[in-house]
Amino acid sequence: LAFTRTTENGPDDKPANPAHLQRVLEPEIWLAPVAGPVPTAPVVHGRAPLFSRDGHTLFFLRDHSIWSLALPPNAAQSQATQLVFDHGRASSLTLSPDGNLLAFISTRGTGQREHSFLALFDLRTHTLTFPAPSTGNDSAPAFSRDGRQLAWLRSPFTTAPEFAPDRSSANPWSIQLLDLTTMQSRAAFTAAPNVAGSVLPRMSTGE
């Protein structure tokens with residue numbers, strides 16, 4: 001099992017430290033065997049761990065970027081390296097069933113002016129693409145079980161999603177679907193406009 005140990009972030013986006021502890025309080029990733037000794041130390045600083053399909057690599061987030069760490073027996077005393085170089089803040093790491101594609105959400109901007117994109121990183125070629133960019137906000141990517149399609153949520157890009165005074169036309173949330181063979185996307189579902197539930201005010205992107 002891989003899990004994160006950390007404290008909540010304070011207003012400066014740094015780990016809160018009300019006790020004034022004199023040590024590093026960055027998020028830590030720990031590994032614990034399902035059957036075996038209790039771990040006594042973290043393996044790396046970061047959050048949101050995700051195993052590769054063969055279990056030999058750990059993907060995780062550090063400073064809003066995507067990193068990787070080779071795990072034993074592949075690499076003893078290995079060093080973590082940044083895997084993806086992107087201008088946004090990464091979240092929602094999701095691995096394809098065959099382990100070749102890493103989907104995530106790349107968020108740009110700050111506060112109420114944030115804009116998020118679905119991103120796709122090919123672990124074989126180390127290429128980064130944004131297959132269906134739009135003026136909406138993307139979140140919650142999920143691969144189909146056969147790995148042929150990728151679904152995600154798209155919500156309107158507004159200053160205040162629940163009560164946007166400057167909206168002049170319907171702009172409801174939707175479920176988007178990407179065919180990974182043709183790289184063509186479409187809306188699989190779109191909420192009815194201008195009714196309760198047409199805009200999701202608090203869509204969780206997670207980490």
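The values are calculated or read from the model by the stated rules, or taken from the named source; none is laboratory data. Quick caveat, the model's predicted, so the values are computed rather than measured. A quick note on method: Cβ atoms are made from the backbone with ideal geometry, for glycine too, and the neighbour counts reach across all protein chains shown. The protein model used for the area step is the full one, side chains on, heavy atoms only, and it has no ligands, DNA or RNA in it. Shrake-Rupley method; radii C 1.70, N 1.55, O 1.52, S 1.80 Å.
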> Taking into account only those residues within the stretch 122-143 that are in contact with a Phe, Trp or Tyr (Cβ under 7 Å, 6 or more places away or on another chain) and part of a loop (DSSP other than H, G, I, E, B), which is least open to solvent (accessible area, probe 1.4 Å)?
Replying inline: G136
> Could you say which residue among A151, A80, A119 is of a type in the set (A, V, I, L, M, F, W, C), open to solvent by 10 Å² or more (accessible area, probe 1.4 Å) and under 18 Å from Q176 (Cβ atoms)?
Replying inline: A151
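Here is a yes/no grid of residues against (1) part of a strand (DSSP E or B); (2) more than 17 Å from the chain's Cα centre (by Cα); (3) not aliphatic (A, V, I, L, M):
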residue	(1), (2), (3)
T7	no, yes, yes
R23	no, yes, yes
P33	no, yes, yes
P39	no, yes, yes
F60	yes, no, yes
W67	yes, no, yes
Q79	no, yes, yes
A90	yes, no, no
> Among the candidates L102, L83, which residue alone is within 28 Å of P172 (Cα to Cα), modelled with pLDDT of 95 or more and part of a strand (DSSP E or B)?
Replying inline: L102
>> Every residue in the stretch 152-197 that is at pLDDT 85 or above, within 22 Å of the chain's Cα centre (by Cα) and β-branched (V, I, T), please.
In response: I175
> Does the stretch 1-58 hold any residues that are of a type in the set (K, R), at pLDDT 90 or above and loosely packed, with under 15 Cβ neighbours inside 10 Å, and which are they?
Replying inline: R53
> Give me the pairs: first residue in the stretch 1-18 and closer than 22 Å to A32 by Cα, second residue open to solvent by 90 Å² or more (accessible area, probe 1.4 Å) and not in a strand (DSSP E or B), beta-carbon distance under 8 Å, and six or more apart or on different chains, which are they?
Replying inline: L1/V34
